[in-house]
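Everything on this sheet refers to the single structure shown next.
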Amino acid sequence: MRRVLICLLLLLAVAVTALWGGYRYWQSRLSAPLAIDETMLYEVPRGAGHHSVVSDLVKRGVIEDGWAFRALARLDPESLPRLRPGEFRLEPGMSGRDVLQRLGSDQLVTYPLTVPEGWTFRQMRDALAAAPKLEHRTEGLADDEVMSLLGREGEHPEGRFFPDTYLYHKGVSDLEILEQALSRMTATLEEVWAQRVEGLPFETPYEALVMASLIERETGAPEERREIAGVFKRRLEQGMRLQTDPTVIYGMGERYAGNITRADLREATPYNTYVIDGMPPTPIALPGRAALEAAVDPLPGETLYFVAKGDGTHHFSRTLREHNNAVNRYIRNR
């Protein structure tokens, strides 16, 4: 009986030793460095699970012991994060366990999409369509269809999207970028409108958005935005037409080829502020925060006219005579 007990104990010791050795070997394979010599991009497809990802990594030669990771997924699934679709950087020296942790992290490879201040909605859509890593859900849709998808059916899209640089990763859709930009503009406009000064010649946040788009398109000089806003405010108050070229250009649409003729200035479009009274019916561009702030806080003064000097800034005048002299100096001589 004693011999049997001793044999059983020996067998148990051998089994424990074998199990411990197997466990140690298993853990060493999980911690083994990747079989790569340089950083590589790896994409987790939407809906992929640990088994398919491990099999793909083995097939690519990135990890060598797929059995170890499949066993981990079965024996201890809670130790593995939920995989995220998108691209990740895998680096030399990482272990297979490190890889699975990274593929479930927020360390996705991101790409920038820049929408400059003063762009039109059409330019923004063109940039989205040209972004190769985006999922193009709005491709082929008309602007009103896009607005319906965004929950803004019947609203004109121009001006409603905040210009900025947006970071995205593969798997994100163009519609998600538009949702971010729409939300940013809505929140920014609400915040800026709450800080407006008294006595503005318009009564709604949307009209402030229209005004901001005119200011944005008229100058790239930050120090001039409030002064241009002041000119527009005084012209509206005195019943003068705004007579701003960017509205003419916007009304011409794709017909604009770089020049405005006298016939263009006389053409009756809803946006031609040489013909219509007041502001155009919608924004003509995507204004940034500085233009929005200028629209609701114009610079006080007496100037009613301005003309581009050719260096990105303007000459401001109080009288038509002074303005005509400035036109002769900066436009006709040039």
Along principal axes, Cα extents of the chain, largest first, whole Å: 121, 40, 36
Region 80-143 shape via C-alpha gyration tensor axes, a/c threshold 1.5: prolate
Shape category assigned to region 164-302 from the gyration tensor of Cα positions, a/c cut at 1.5: oblate
About the Cα centre, charge dipole magnitude for region 197-332 (Lys/Arg +1, Asp/Glu -1 at Cβ), debye: 520
Potential lengthening between residue 109 and residue 256 on full extension [0.36 nm per residue; Cα-Cα distance subtracted]: 49.0 nm
Reachable aspartates and glutamates, given that their alpha-carbon falls under 20 Å from the alpha-carbon of residue 170 and they are not under 8 places away in the same chain: 43, 56, 87, 91, 106, 126, 135, 139, 179
Over region 253-334, relative contact order from alpha-carbon pairs under 8 Å, at least 6 apart, %: 15
Sequence-distant residues sharing a close amide H with residue 135 (under 5 Å, placed H): 171, 172, 173, 174
Computed helical MRE - 222 nm, the chain, DSSP H runs ≥ 4 contributing -39500 (n - 2.57), nearest 500: -13500 deg cm²/dmol
For residue 169, net neighbour charge (Lys/Arg +1, Asp/Glu -1) across residues whose Cβ lies under 15 Å away: 0
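Any read-out appearing in this document is the output of simple, stated calculations on the displayed coordinates, not a laboratory observation. Predicted model only: the values in this text are computed from it and were never measured. Don't worry about glycine lacking a Cβ; one is built from the backbone with ideal geometry, like all the others, and counts go over all protein chains shown.
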